[in-house]
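A.B. asks: Please find one structure pasted underneath; my questions will follow.
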Amino acid sequence: MTTAVVVGSGPNGLAAALTLAAAGVEVEVLEAADEIGGGTRSGHYTVDGVLHDECSGFHPLAVDTAFSRAFDLAAEGLAWRWPEVQYAHPLDGGSGAAVWRDVDRTAQALGESGAAYRRLFGPLSDRFDKIATEFLQPIVHVPRHPIALAGFGVASLLPATWLGRMLRSPESAALFAGVAAHAFRPLGSPLSSAIGVALGTAAHRYGWPVAEGGTAAISRAMEQLLAEHGGKVTTGVRVTGRDQLAHADIVMLDTTPGAAADILGDALPPRVARAYRRYRYGPGAFQVALAVEGGIPWTHEPTRAAGTVHLGGSMAQIATAEREVWRGRMPERPFVLLGQQSQADPGRRAGDVHPIDAYAHVPSGYDGDATEAILAQIERFAPGVRERVVGMSVRSTEQITRDNANYVGGDIVTGANTPRQLIFRPRVALDPYATGVPGTWLCSAATPPGAGAHGMCGHLAARRALRRAGIAGTIGP
Ligand SMILES: Cc1cc2nc3c(=O)[nH]c(=O)nc-3n(C[C@H](O)[C@H](O)[C@H](O)COP(=O)(O)OP(=O)(O)OC[C@H]3O[C@@H](n4cnc5c(N)ncnc54)[C@H](O)[C@@H]3O)c2cc1C
């Protein structure tokens, strides 16, 4: 029987493990932490009974993928829950903008600039199933849906600030800047629209759902299904060298390229080792989890019903903050992403105490304390919030890296989204998953299609591994 070891139990490691196990491979997953899941863990970090997501909270790109269609995680207890408002962007003075599943409702709320919003996101969301099939795989491939991809591609090439201005109002521009900032890139740089266009369109096609009972439900469901296929996960084992993997026919590395180079050592072809060592990491995150009595009193009404909230003010203010962070300087008013998961999943509250999961974009490896800057950004749009906070816990960039070696310097998306790394990650190669060591594959978010708890990097890497091993019955399209 063919055997495999998967290093790391993030969503990509578990997706790779499942894909191999379902094809009849005997699989063991080795995880450094005491708990499975990587970026898909949940826990009670502030107040008893208040459930937080440690990392990922919202899953627009996990709802409908080749992986989700191949494996029935719903049967293992995974249920998506949607907030009424997918994401919102409060502005000074009580105004703001918000995104509902329905494009027309969103456009209507944007007033006169709504027509420009509808022109961009309406046609894209109608074709999004085809577009998603194309970009949830290595960008360098022969497209099956070239026409659907063309419109998406044109919008994605633009700097986010250009596309924001084309949306014709300060509210619409700020709304787009907020979603584009998920890329951790200066908003004036080429291709900086790509992730914003994808996530913004996904909000209309799939919504931005949370996993009922916490994001950990995703990894739990994968682990259960893996066990049904005979696979097992061992926690508390950090892999540091090839000797720990020597018994396996197939090795999948849910690690950074740098860690892969350390583990594989001399076996790695020198040109691959050089490319892995040159792989660039992006800015960091500084996290604050809050327990808030009665929820956050946002002045902008639709923001109260939103799952995700983008805090940073106008497009110009967000662009300045993101540019500073990219240059390694901590801005006074950083861009903050804030999750109100319990708007979609009220069971995470304890009585009327709401879990809030926020993080600021900070320079890579930032060693200061961004707690006050995050609280100030919340207070700016929700005066009085501090009096409602009954519990808090913070994670610095250093702690984030200590908890998960894949987040170098607090880089929670495992690699800078530079144009080069958006197109060729982790290196320029026809097969981005191949390490050059026979039977050994990289499958983390450092490979296509990149960050997110969708498992597609692991699934696609495992399918290549199966094909190369000549194992028939490969799962999925
Ligand atoms: C604060 C935060 C918020 C986020 N928000 C979202 C969101 O809302 N939506 C979304 O889709 N994504 C979000 N993400 C990103 C998402 O969580 C990651 O992109 C995703 O988890 C990547 O999956 P992965 O399997 O590649 O790696 P990870 O989930 O990072 O898992 C890697 C695993 O490998 C283990 N490992 C590493 N090296 C070794 C070794 N040598 N030996 C053994 N084990 C090892 C690690 O301990 C870890 O468990 C967020 C991340 C963070 C941190």
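A.B. asks: So how many residues does segment 1-15 have that are hydroxyl-bearing (Ser, Thr, Tyr) and either open to solvent by 20 Å² or more (accessible area, probe 1.4 Å) or more than 6 Å from the ligand (Cβ to nearest atom) (or both)?
C.D. replies: 2
A.B. asks: Give Ala194, Ala217, Ala198 a once-over and let me know the one that is surrounded by 18 or more Cβ atoms within 10 Å (Cβ to Cβ) and either more than 15 Å from the ligand (Cβ to nearest atom) or of a type in the set (Asp, Glu) (or both).
C.D. replies: Criteria check complete, one pass: Ala194.
A.B. asks: Restricting to segment 238-254, give me the number of residues that are open to solvent by 50 Å² or more (accessible area, probe 1.4 Å) and either near the ligand (Cβ under 10 Å from one of its atoms) or not basic (Lys, Arg) (or both).
C.D. replies: Looking only at that region, the number is 7.
A.B. asks: Might you check whether a residue that is closer than 20 Å to Asn12 by Cα and within 15 Å of the ligand (Cβ to nearest atom) occurs anywhere in segment 265-273?
C.D. replies: Checked against the condition, which is being closer than 20 Å to Asn12 by Cα and within 15 Å of the ligand (Cβ to nearest atom), segment 265-273 yields no hits at all.
A.B. asks: Does segment 16-36 include one or more residues that are more than 15 Å from the ligand (Cβ to nearest atom), open to solvent by less than 10 Å² (accessible area, probe 1.4 Å) and either part of a loop (DSSP other than H, G, I, E, B) or under 30 Å from Arg127 (Cβ atoms) (or both)?
C.D. replies: Checking segment 16-36: at least one residue is more than 15 Å from the ligand (Cβ to nearest atom), open to solvent by less than 10 Å² (accessible area, probe 1.4 Å) and either part of a loop (DSSP other than H, G, I, E, B) or under 30 Å from Arg127 (Cβ atoms) (or both).
A.B. asks: How many residues does segment 338-366 hold that are open to solvent by less than 10 Å² (accessible area, probe 1.4 Å) and hydrophobic (A, V, I, L, M, F, W, C)?
C.D. replies: So the answer is 5.
A.B. asks: Go through segment 53-69 and give me each residue that's aliphatic (A, V, I, L, M) and either within 12 Å of the ligand (Cβ to nearest atom) or under 12 Å from Pro209 (Cα atoms) (or both).
C.D. replies: Leu61, Ala62, Val63
Every residue, every condition in (1) open to solvent by 30 Å² or more (accessible area, probe 1.4 Å); (2) in contact with a Lys or Arg (Cβ under 7 Å, 6 or more places away or on another chain); (3) among the hydroxyl-bearing types (Ser, Thr, Tyr), yes or no:
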{"site": "Phe58", "(1), (2), (3)": "yes, no, no"}
{"site": "Val63", "(1), (2), (3)": "yes, no, no"}
{"site": "Arg69", "(1), (2), (3)": "yes, no, no"}
{"site": "Glu84", "(1), (2), (3)": "yes, no, no"}
{"site": "Gly96", "(1), (2), (3)": "no, no, no"}
{"site": "Leu110", "(1), (2), (3)": "no, no, no"}
{"site": "Ser113", "(1), (2), (3)": "no, yes, yes"}
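The values are calculated or read from the model by the stated rules, or taken from the named source; none is laboratory data. This structure is a prediction, so every number in the text was calculated from the model and none was measured. So basically every Cβ, Gly included, is an ideal-geometry build from the backbone, and we count neighbours across all protein chains shown. Side chains included, ligands, DNA and RNA excluded: accessible areas come from the protein's heavy atoms. Shrake-Rupley method; radii C 1.70, N 1.55, O 1.52, S 1.80 Å.
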